[in-house]
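One structure is given below, encoded as structure tokens.
The values are calculated or read from the model by the stated rules, or taken from the named source; none is laboratory data. Computed from a predicted model, the values in this text were never measured in an experiment. Heads up, the Cβs are rebuilt from the backbone with ideal geometry, glycines too, and the neighbour counts pull from every protein chain shown.
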Amino acid sequence: MNYPSPHDSASNTFVQKHSSCVIGILSGFDRLRLRGTLRQLYCPRVMEAYLNACRILIKDFGRLVEQTTQAVKEKAKALAEKAGRPFVFLPSSQISKEDLVRKIAAKDQINQGLIAVLSALEPCKSFRVIGNPQTKHIELKVEPRKCGHLYFYYEHSKFGFMHLCLQTWFPFEVSICLNGRHWLARQLEAAGIGYQKKENAFLRIADLEQAQALMEQQLQTDWPQELTKLLNEAHPLHKRICRPLALKYYWSSSETEYATDVIFKDPDSLARLYPGLVHHAIRSFSSRDVMRFLGRSVPLTTGKVFGQFKGEIISDVKHRPEGVRVKHSLQGNSIKFYDKHGSVLRVETTIVRPQEFRTFRHEEGSAKTQKKQKSWRPLRRGLADLQRRAHLCQKANHRYLEALASTTGTIPLFEWVQKTCQPITRAGQRYRALNPWGPQDGRLLELINQGQFTINGFRNRDIRTAYFPSRCTQRQTKQRMGWIGRRLRLLRAHGLIQKVSGTHRYIVSDKGRTTITALLTARRADVQQLTKLAA
């Protein structure tokens, strides 16, 4: 299936609203954790068949592991020695591998090729020979263990800064970590496009439109071919290990981060907006909003989460050395935003549990010749669904930016809402002022500002049933309908909502979204919060 380009919806309300201080927007994968596994070997029976093919008894499994592991480590040391690079053993898991490797690269001025090989003892899943009391025989069992892992760090000619991690015990799992921004830097250099980059964020790009096109090209990569090249370089013994059963590595994505960067002209422009963004996200985004951001359906009529949903939604704020980060998590997946180096507002969706999303595809393992119809099925970890994963993340980032667009600004609150809080006259009809601090108007503004009404709008009935939850007679229903109708006309007169042509639905206007959010935020804030914002 061909999905829309991530750039198609890049010009959203947030970017348009702040076009005077925004250079542009860049969307694409940030961190990619790809995993290579010999899936068949995780089954003890297949592993026993592997030993039979090697003519080795189960009792001698330890000898096979020792010999193979030793050969893998010697190959890694030989690779480092041939390239003139260090082979370093890390005695503690507290040592940052990336920081250490970057210091080595800076010291030795490594701009391309192998930087270093690190060795560390880490948890893994591997086999143990155990006795079965029922059968009175020994057998293999997969269980958590600890073994040596080899980390090959590169300044790769195509992918930029990256690493490959190799488990040195059976079944020799491989993990490859790439970064789409480092990769893009190599693409820009090859295309002769100038840029300014700090760590994994671009502060300036000479041709932003072409840069976006290059990021989209990353999705068209022949992944098995490229990943096998990396495997052949760092782990050449895999061919010999796979030969007895003609095994091949299966590649999947264990974790992906898809980032949308809004690049500002200068740090001051973002600094003026950022405290309001953080405050708005924590105070205004409900659990239903988080579900909507991450593609979950919330009924418009009730605004209630489906009863079968048993997940947990967490929103938190973290103060980091580089700034404040706001994060929302749902069933292991998350969406967050933070400022990068003062000039970049990054919204990032992380998928760890792809089965929480859906894709329209054939049943896995079914041949197309069987003419089985496609249907909505769980998103897979396999690389076949990587493009769909990018599309889902891009849409989540877009929805989040749209929600953030309803706040921020440089105009003082009293100046922005002054007309709204005063009586007005439209077409000869006088309308009273709104009182957002009053219980009736305040409640009404809260209802129409709910996330489930953002896309499809709301009807008189939607607001009425939420405002008056109790049952009533037919006469009372008509009275309530008229009461809500008069207040909707009032909101229309003030320009906060507008009617959808040819329907009985209303949507919040751009002006209304900003005004209502500002009023509700001020309505909920207490003295301590306002003091912190002013500090």
Residue match in region 442-449 (condition: in a loop (DSSP other than H, G, I, E, B), touching a residue at least 60 places away in the same chain (Cβ under 8 Å) and closer than 16 Å to Ile507 by Cβ): yes
Residue within region 111-130 that is more than 21 Å from Val174 (Cβ to Cβ) and at pLDDT 95 or above present: no
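Looking at region 214-247, which of the residues that are assigned to a loop (DSSP other than H, G, I, E, B) and without any contact (Cβ under 8 Å) to a residue 60 or more places away in the chain is surrounded by the fewest Cβ atoms within 10 Å (Cβ to Cβ)?
Here the residue is Ala246.
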Some residue of region 262-274 being at pLDDT 80 or above and either touching a Lys or Arg at 6+ places or on another chain (Cβ under 9 Å) or not assigned by TED's automatic domain parsing to the domain that holds Arg380 (or both): yes
Selected residue (only one of Val65, Val129, Val117 is within 17 Å of His163 (Cα to Cα) and either aliphatic (A, V, I, L, M) or in contact with a His (Cβ under 9 Å, 6 or more places away or on another chain) (or both)): Val117
Unique residue being surrounded by fewer than 17 Cβ atoms within 10 Å (Cβ to Cβ) and in contact with a helix residue (DSSP H, G or I) (Cβ under 8 Å, 6 or more places away or on another chain) when the list is Pro44, Pro86: Pro86
Hits in region 113-159 (condition: within 28 Å of Leu57 (Cβ to Cβ) and outside any strand (DSSP E or B)): Pro133, Gln134, Thr135, Lys136
Helices (runs of 4 or more DSSP H) wholly inside region 11-108 that include at least 3 residues being more than 29 Å from Lys265 (Cα to Cα) and among the small types (Gly, Ala, Ser): 61-83
Filter result for Ser157 (in contact with a strand residue (DSSP E or B) (Cβ under 6 Å, 6 or more places away or on another chain) and of a type in the set (Gly, Ala, Ser)): no
Leading residue by the ranking (nearest to Arg186 (Cα to Cα)) among those in region 202-233 that are charged (D, E, K, R) and over 27 Å from the mean Cα position of the chain (by Cα): Lys229
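Filter region 315-362 for residues that are in a loop (DSSP other than H, G, I, E, B), polar (S, T, N, Q) and in contact (Cβ under 8 Å) with a residue 40 or more places away in the chain and give the result.
Within region 315-362, just Ser343 meets the criteria.
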Verdict on Gly512 being under 30 Å from the mean Cα position of the chain (by Cα), part of a helix (DSSP H, G or I) and either modelled with pLDDT of 90 or more or not assigned by TED's automatic domain parsing to the domain that holds Ser286 (or both): yes
Identity of the residue in region 234-253, more than 17 Å from Val46 (Cα to Cα) and of a type in the set (A, V, I, L, M, F, W, C), that ends up nearest to the chain's Cα centre (by Cα): Trp251
Region 377-398 residues that are farther than 12 Å from Gly295 by Cβ, paired with ones that are in a helix (DSSP H, G or I) and not basic (Lys, Arg) (beta carbon under 6 Å, 6 or more apart): Pro378/Gln355; Arg381/Pro354; Leu383/Trp223; Gln387/Leu219; Ala390/Leu219
Flag for Ala522 being part of a loop (DSSP other than H, G, I, E, B), hydrophobic (A, V, I, L, M, F, W, C) and not assigned by TED's automatic domain parsing to the domain that holds Arg296: no
Subset of region 160-208 (residues that are in a loop (DSSP other than H, G, I, E, B) and touching a residue at least 60 places away in the same chain (Cβ under 8 Å)): Thr168, Trp169, Phe170, Pro171, Phe172, Glu173, Glu199, Asn200
Residue in region 456-471 that is touching a residue at least 60 places away in the same chain (Cβ under 8 Å), in a loop (DSSP other than H, G, I, E, B) and surrounded by fewer than 18 Cβ atoms within 10 Å (Cβ to Cβ) present: yes
Cβ-Cβ under 8 Å pairs, at least 6 apart or on other chains, region 42-69 side in contact (Cβ under 8 Å) with a residue 24 or more places away in the chain, far side small (Gly, Ala, Ser) and surrounded by 14 or more Cβ atoms within 10 Å (Cβ to Cβ): Thr69/Gly148
Among residues of region 331-351, those that are crowded, with 17+ Cβ neighbours inside 10 Å and over 18 Å from Arg272 (Cβ atoms), counted: 10
Residue within region 361-371 that is within 30 Å of Asp289 (Cβ to Cβ), surrounded by 11 or more Cβ atoms within 10 Å (Cβ to Cβ), in the same structural domain as Glu257 (by TED's automatic domain parsing) and modelled with pLDDT under 90 present: yes
Meets criteria (in contact (Cβ under 8 Å) with a residue 12 or more places away in the chain, among the charged types (D, E, K, R) and either surrounded by 20 or more Cβ atoms within 10 Å (Cβ to Cβ) or in contact with a Gly (Cβ under 9 Å, 6 or more places away or on another chain) (or both)) for Glu122: yes
Index of the failed condition, Ser92 passing every other in (1) more than 30 Å from Thr256 (Cβ to Cβ); (2) without any contact (Cβ under 8 Å) to a residue 40 or more places away in the chain: (1)
